[in-house]
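Contents: one structure, followed by commentary.
Bear in mind that the values in this text are calculations on the coordinates, not laboratory data. If you're wondering where the values come from, they're calculated on a predicted model, not measured in any experiment. Because the Cβ atoms are built from the backbone with ideal geometry, glycine has one as well, and the counts that use them run over all protein chains shown.
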Amino acid sequence: MVLILSVCLNSITGDMSRTDAMRLSKKIGYKAVEFWEGSDFPVSEYKEVLEETGLELAAMGGSGGLTDPADRGAFLENLHKSFENAKILGAKSMIATTGWNENPDIPGEVKHESIIAGLIEAAKILKGTDYYLVLEPLNTLVNHAGYYLDRSDEGFDIVRAVNSPNIKLLFDIYHQQIIEGNLIANITANIDLIGHFHVAGNPGRHEPFYGEINYYEVFDAIKKAGYTRYAGLEYWARGDLDIEASLKKCLEMC
């Protein structure tokens, strides 16, 4: 089985222009890149460099704001725009975020059901295509206090409730190590519901070859479970290696 590592252009190469970062990723030997932007970026410029380099776009931004039913129209409008860009660039996965707990008057169970209802509507936009919207839980202990969805089990429950081949979970290994651990068991038991991975070392959200997560074992388990798509390197370099050396060493891990 093959697991394809993708370079997140917002974190690792954040100070570099997206197009220069694409060219650097190709030079190092990567086959794919990804970024957070969805509906507002120079699509034709990015498309030109993707075609020039032969890189695949593993994932891009989709839309956010699912916990409040009042925000659903804006969520779907942004998703429509992102989907048009994704089709131009060939990005098969778009990332969805739930949003924060801005409205304390909405009970948690209402927010949970609002996420499901919003994703059911999103699935109608993608129906009949081979594009995914991947819902991302984020850790609330270190990086994203107040975000609604932080556990993969609730995320998997939501994906099951939506019951669409176009709606999957983005399993961020760094975030889930912080929140719940038990990575390999949680991943392999739900591998059919996962559409994308994110990768960083913990603690610090640095390179995956630093920290407490044994990524060699995690990657091996993911491959043995039959996953053959992308895992996005979404880390901030620790600083003892330059960006090129850091990315080269990551590429050797998989």
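Give me the distance between the Cα centres of the range 188-213 and the range 214-254, rounded to whole Å.
The range 188-213 and the range 214-254 have Cα centres spaced 8 Å from each other.
Go through the range 154-163 residue by residue and turn each phi into a ³J(HN,Hα) via Karplus (6.51, -1.76, 1.60, θ = phi - 60°); whole Hz please, and just put x for glycine and proline.
5, x, 5, 4, 5, 4, 4, 5, 5, 6
By count of other Cβ within 10 Å, fewest leading, how are THR67, THR97 ordered? Display every interim value, and only then the final one.
Details: THR67 25, THR97 22.
Listing THR67, THR97 from fewest to most nearby Cβ atoms yields THR97, THR67.
Treat the count of other C-beta atoms within 10 Å as a stand-in for reagent exposure and order TYR148, TYR216, TYR132 from fewest to most.
Working: TYR148 23, TYR216 12, TYR132 26.
So the residues, fewest neighbours to most, are TYR216, TYR148, TYR132.
Grab the beta carbon distance between LYS124 and TRP236, set R0 = 35 Å, and tell me the FRET efficiency rounded to 0.05. If you can, show how the numbers build up before the last one.
On the way: r = 37 Å, r/R0 = 1.05.
Efficiency for this residue pair is about 0.45.
Just the ratio, please: alpha-carbon radius of gyration of the chain over 2.2 N^0.38 Å, N its number of residues. Don't skip to the end; give the middle numbers.
Details: Rg = 17.3 Å, N = 254, 2.2 N^0.38 = 18.0 Å.
Ratio of Rg to 2.2 N^0.38 Å for the chain: 0.96.
Each label point is 7 Å from the Cα along the Cα-to-Cβ direction; what then is the distance between the points at ASP15 and LYS223, in nm?
Once both label points are built, they end up 3.4 nm from each other.
Most exposed first by the Cβ proxy, i.e. fewest other Cβ within 10 Å, how do LEU141, LEU149, LEU126 rank?
On the way: LEU141 10, LEU149 23, LEU126 20.
If I rank by nearby Cβ atoms, fewest first, I get LEU141, LEU126, LEU149.
Any chance you could run the full-extension gain for ILE106 through ASN182? It's 0.36 nm times the residue separation minus the Cα-Cα distance, nm to one decimal. Don't skip to the answer; put the middle values down first.
Working: separation 76, 0.36 × 76 = 27.36 nm, distance 3.10 nm.
Length gained, ILE106 through ASN182: 24.3 nm.
With both partners inside the range 4-251, how many of the DSSP beta bridges are antiparallel, as a percent to the nearest 5? Show your work: numbers first, answer last.
On the way: 1 of 30 bridges.
For the range 4-251, the DSSP antiparallel bridge percentage is about 5.
Reachable aspartates and glutamates from LYS223, Cα under 13 Å, same-chain residues fewer than 8 places away excluded?
ASP192
By the gyration tensor of its Cα atoms, with a ≥ b ≥ c the square roots of the eigenvalues, what is the shape of the range 131-194: rounded for a/c under 1.5, prolate for a/b over b/c, or oblate? List each step's numbers first, then the result.
On the way: a/c = 2.15, a/b = 1.42, b/c = 1.52.
The shape class here is oblate.
Return the aspartates and glutamates within reach of LYS26: Cα separation strictly under 18 angstrom, same-chain partners fewer than 8 residues apart disregarded; answer none if there are no such residues.
ASP15, GLU34, GLU45, GLU48, GLU51, GLU52, GLU56, GLU234, ASP242, GLU244, GLU252
On a C-alpha basis, how far is the centre of the range 129-170 from the centre of the range 53-101 in Å? Whole number, if you could?
If you average the Cα positions of each part, the centres end up 13 Å apart.
Considering only DSSP beta bridges where both residues belong to the range 41-162, give the percentage that are antiparallel (nearest 5). Provide the component values of the computation, followed by the final result.
Working: 1 of 10 bridges.
Percent antiparallel among DSSP bridges in the range 41-162 is about 10.
Using the Cα atoms as the points, what is the convex hull volume per residue of the range 124-254 in Å³?
Values: hull volume 15.3 nm³, N = 131.
It comes to 117 Å³ per residue, whole-number rounded.
If amide H atoms are built 1.01 Å from N in the plane of the peptide, which residues on other chains or at least 5 residues away come under 5 Å of the amide H of HIS198?
PHE171, ASP172, ILE173, GLY232
What length, rounded to one decimal in nm, is gained on full extension from LYS249 through to LEU141, with 0.36 nm per residue of separation minus their alpha-carbon distance? Present the calculation step by step, with values, prior to reporting the outcome.
Working: separation 108, 0.36 × 108 = 38.88 nm, distance 2.87 nm.
Using 0.36 nm per residue and subtracting the Cα-Cα distance, I get 36.0 nm.
Figure the gain on full extension for GLU45 and HIS80 (residue separation times 0.36 nm, minus the Cα-Cα span) and round it to one decimal in nm.
Working: separation 35, 0.36 × 35 = 12.60 nm, distance 2.03 nm.
So the chain would gain 10.6 nm between GLU45 and HIS80.
Which GluC sites (Glu not before Pro) in the range 73-154 pass both tests, a DSSP loop state and at most 14 other beta-carbon atoms within 10 Å? Please report the intermediate quantities before stating the final value.
Working: sites: GLU77, GLU84, GLU102, GLU109, GLU113, GLU121, GLU154; in loops: GLU102.
Within the range 73-154, the qualifying GluC sites (Glu not before Pro) (loop, at most 14 other Cβ atoms within 10 Å) are GLU102.
Do the alpha carbons of any pairs in LYS224/LYS249; LYS124/LYS249; LYS47/LYS111; LYS168/LYS248 sit beyond 31 Å of each other, and which pairs? Spell out each step's value before the answer.
Details: LYS224/LYS249 22 Å; LYS124/LYS249 41 Å; LYS47/LYS111 37 Å; LYS168/LYS248 29 Å.
Pairs exceeding the cut-off: LYS124/LYS249; LYS47/LYS111.
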